[in-house]
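Below is one structure, written out as structure tokens; comments come after it.
Nothing in this text is a laboratory measurement; each read-out follows from the coordinates by a stated rule. Note that the coordinates shown come from a computational prediction; the quantities given were computed from them, not determined experimentally. Cβ atoms come from the backbone with ideal geometry, glycine included; neighbour counts cover every protein chain shown.
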Amino acid sequence: MTQLTAPAVPSPATVPADLLGGPWPASARPGPGGEVLVGGVGLAEAAERFGTPLYVLDEGEVRSRARAYRRALPHAEVLYAAKAFLCSAMADWVEQEGLGLDVCSAGELWLAVSAGFPAQRILLHGNAKSPEELRLARRLRVGRIVIDGPAEIARLAALVAADTPQKVLVRVVQAGVVGQKFGFPVEGGDAADAIARVLDQPGLELVGLHCHLGSQITTIEPYLQAVDTLVRLLAEVREHHGVELPELDLGGGHGIRYLAGDAELDLAEFAVKVTDRLAVRCAEAGLEVPRLVVEPGRAVVGPAAVAVYRVLSVKHPADGRCFVAVDGGMSDNPRPALYGAPYSVRLVGRRSEAGAARMDVVGRHCEAGDVLVRDAELPADLRPGDLLAVPAAGAYQLSMASGYNLVGRPAVAAVRDGRARLLIRRETVEDFRLREVGR
Ligand SMILES: Cc1ncc(COP(=O)(O)O)c(C=O)c1O
């Protein structure tokens, strides 16, 4: 690791408001000459060293968020949802902080186990797991598999000998949620049927029920309703089958801030209210309280990364708009194009005295919808060569990145205590060419 910048610790009074309490990592601080430090490392300095686009991942922020979950829910099991972003270092950090892992493909599973993550602490998801994925999960001795569809019950049971049972959960979908490709609907009895079929398989050990409500949820009420539904189902399972299932997995979906004024899920409130509701409903039903499992992804890694881009062009068409094109875009962050997801953006590495102007920060791809930040407020003198930083870049960006236009996926550098190290190198055109095996 190379020392890049000595950590500057300005008093909170001198930290610009946009770096405080919003989507930036807690370690974000202003540095000299318009620099912004994250994890004690200057973003502009890191961009010079590693090139752009660059994803700067604050190890301390990931660890403290993982720790906050452990502290808020000491009796629950917290599984980091690897789909938000996974690399070997992430697997190490969450494992060291006491979290398990939720994976949803052979790729995520293999990467985690290769990194040394204990397979017993991994739970495998997926609405369409292939036979090969299930076989790999068995071979690696994955702790639990979440059964998501009817075909999977027989498929998995066929792979399992009764003397080495596979722990499974059944994923259910609450009443009122229609058109869902995941899980078994509770309404209409699909979930109850699936549970009965799983209980009939000697090789499958049903340990609990699972549900995932969606993403960017910032209120507690949907989770409380899920607890009500799931406890009712647990009571039915006991009534019909005489078994009490020991686990209840509420999935993830905990909302984070992308913009300064955004709401986020209050983890402390979630922990208290969900734990209380679970205890109350179980007492009413005369059930033992099952172990709560949660699967936050975005809330662990989202606010921990900042994407740094270099401005390549600034255009002022006659219609009065301004387009700032950067060297990344929808191939490293498809979320704005896919969902209209909002982001904030900031000039780093140069101080500007110019007033603010409204601009669209656009990507470099051949697609009109390749807009990263619409109507951003940036200094009016923004010019090619400037660096722009986009916070809250840690989740569902790199993990959804593509090879569009053969631009290649960006590098990822970890920062901690004033030091930076490369975790993932930039993808090059040679990487694309190497996959070609014929012509
Ligand atoms: C089953 C399951 N668990 C957990 C997550 C993580 O969600 P989030 O990153 O919003 O916390 C997802 C996201 O799609 C999911 O499908």
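Observations
- Ratio Rg/Rh, restricted to the range 73-296 and using Cα atoms, in which Rh is the Kirkwood radius: 0.95
- The lysine pair tally for the range 73-296, using Cα distances under 24 Å and a gap of 8 or more places or different chains, is 6.
- The range 238-297, Rg to Rh (Cα coordinates; Rh as Kirkwood inverse mean 1/r): 1.12
- Part-to-part distance (alpha-carbon centres) for the range 159-220 and the range 99-119, which is given in Å: 21 Å
- The 3J(HN,Hα) values that the Karplus relation (6.51, -1.76, 1.60; θ = phi - 60°) gives for the range 224-239 are, in residue order, 5, 5, 5, 4, 4, 4, 5, 5, 4, 5, 4, 5, 5, 4, 5, 4 Hz. Gly and Pro appear as x.
- Ascending count of other beta-carbon atoms within 10 Å, so fewest first, for F184, F323: F323, F184
- Partner lysines for K315 [C-alpha distance under 28 Å; skip if fewer than 8 residues away on the same chain]: none
- Exposure proxy order (Cβ contacts within 10 Å, fewest to most) of M330, M400, M90: M400, M330, M90
- Rounded to the nearest whole Hz, the Karplus-based 3J(HN,Hα) values (6.51 cos²θ - 1.76 cosθ + 1.60, θ = phi - 60°) of the range 66-73 follow the sequence 4, 5, 4, 5, 4, 6, 5, 10, with x at glycine and proline.
- Listed peptides 402-408, 35-41 by packing density, highest first (mean Cβ within 10 Å): 35-41, 402-408
- Rg/Rh (Cα only; Kirkwood hydrodynamic radius) as it applies to the chain: 1.01
- The fewest-to-most ranking of E295, E239 by surrounding Cβ atoms within 10 Å reads E239, E295.
- Annotation: amide H-H contacts under 5 Å for L372 (H modelled 1.01 Å from N, sequence separation of 5 or more, or interchain): V361, V362, G363.
- Calculated from backbone phi, Karplus (6.51, -1.76, 1.60) coupling profile of the range 89-94 in Hz, x at Gly/Pro: 5, 4, 4, 4, 4, 5
- Highest-MSF residue in the chain out of I220, I256, I145 [GNM, Cα springs under 10 Å]: I220
- Percent of beta bridges antiparallel (DSSP, the chain, rounded to nearest 5): 45 percent
- Taken over the range 67-185, the ratio of Cα radius of gyration to 2.2 N^0.38 Å equals 1.09.
- Only Lys, Arg (+1) and Asp, Glu (-1) charged, at Cβ; the chain dipole about Cα centre in debye: 1040 debye
- Taking amide H as placed 1.01 Å from N in the peptide plane, the amide H of V36 sits under 5 Å from that of G31, L43, A44, G349, each at least 5 places away or on another chain.
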